[in-house]
């Protein structure tokens, strides 16, 4: 009886210890994401202005005063300063806190979804963290400046192809186009081919859409930044998910674009497409099974009708 109670207490203690460790891992993941988000804020501000992201150290863009380390603590620094510069009182954009919060949440969700649920190993989940970080930076730059710098997309494209080579499991072998190669070539070669195909299809589809749009509307319909963004994403997620991301991005863009045009009552409003593509990509990364379930349900309704 005593031994049984002791074993039960041991199991409870072990379960409590395991749950505590898991909570600490998730908290740490969010904290690391917020720190990465702080660096992404530097990239968002400096890359479009062709400034170094390394030097000079963080400073107020209005008065030029350097920021103390405690003012640079992600989220906490913004809250403690009340959204204003400690030296000149200039208002700090809420975008800084938003990027840190968003990146922290994306890191936490990635660790839970891919490592916590056993879908990917830690290095493979790290690949997902790279692409979501690039998407956050590219999207906010596109919103503010309507460009997506090559410094984000081209290195990202190279990293995506390298990731396919080193971690082929990030790509699905049940592929209607490339599946026959899965058993015919080494897995690492297959991963590289899948990344190259994803980049070609993702970037190529956006490029052709831009060409057709320019022919129809007689004006620029799609920037090359969007082409490179989708090529980068395709290298990470493969050609099927790339196409699905584009479709979702178009849906998100259409909904928000119509709302903006109606609210502003201006048909000539230029709307950056990068953020909607990024939203589509992130949706596919985390929710592809649910999206496919909705598609099959909708197909069933149409067939029944």
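No lab work stands behind these numbers, since they all come straight from the coordinates. Quick caveat: nothing in here was measured; it's all calculated off a predicted structure. Note that each Cβ is placed from the backbone with ideal geometry, even for glycine, and that neighbours are counted across all protein chains shown.
Enclosing the Cα atoms of segment 103-244 in their convex hull gives a volume equal to 111 cubic angstrom per residue. Length available on full extension from residue 217 to residue 20: 0.36 nm per residue minus the Cα-Cα distance, which gives 65.1 nm. With neighbours defined as other Cβ atoms within 10 Å of a residue's Cβ, the residues 100, 144 order from fewest to most as 144, 100.
Counting other Cβ atoms within 10 Å as a rough exposure proxy, the listed residues 215, 222 run 215, 222 from fewest neighbours to most. Could you work out the helix-only [θ] at 222 nm for the chain, with each DSSP H run of four or more residues adding -39,500 (n - 2.57) and the total divided by the number of residues, to the nearest 500 deg cm²/dmol? Using -39500 (n - 2.57) per qualifying helix, the result is -24000 deg cm²/dmol.
Would you work out if the chain is rounded, prolate or oblate? Take a ≥ b ≥ c from the square roots of the eigenvalues of the alpha-carbon gyration tensor; rounded if a/c is under 1.5, else prolate when a/b is larger than b/c, oblate otherwise. In terms of gyration-tensor shape, oblate.
By the beta-carbon count within 10 Å of each Cβ, the least crowded to most crowded order of 229, 129, fewest first, is 129, 229. Note on segment 1-119: along the principal axes its Cα atoms extend 73, 30, 22 Å, ordered by decreasing extent. Beyond 18 Å, the tail of the calculated P(r) for segment 99-149 holds 37 percent of the Cα pairs.
Based on the Stokes-Einstein relation at 10 °C and a viscosity of 1.306 mPa s, and on the Kirkwood radius from alpha carbon pairs, segment 177-305 is assigned a translational diffusion coefficient of 98 µm²/s.
With a cut-off of 13 Å on the backbone N, the residues of segment 37-51 near the modelled label site 7 Å out from residue 145 along Cα-Cβ are 41-51.
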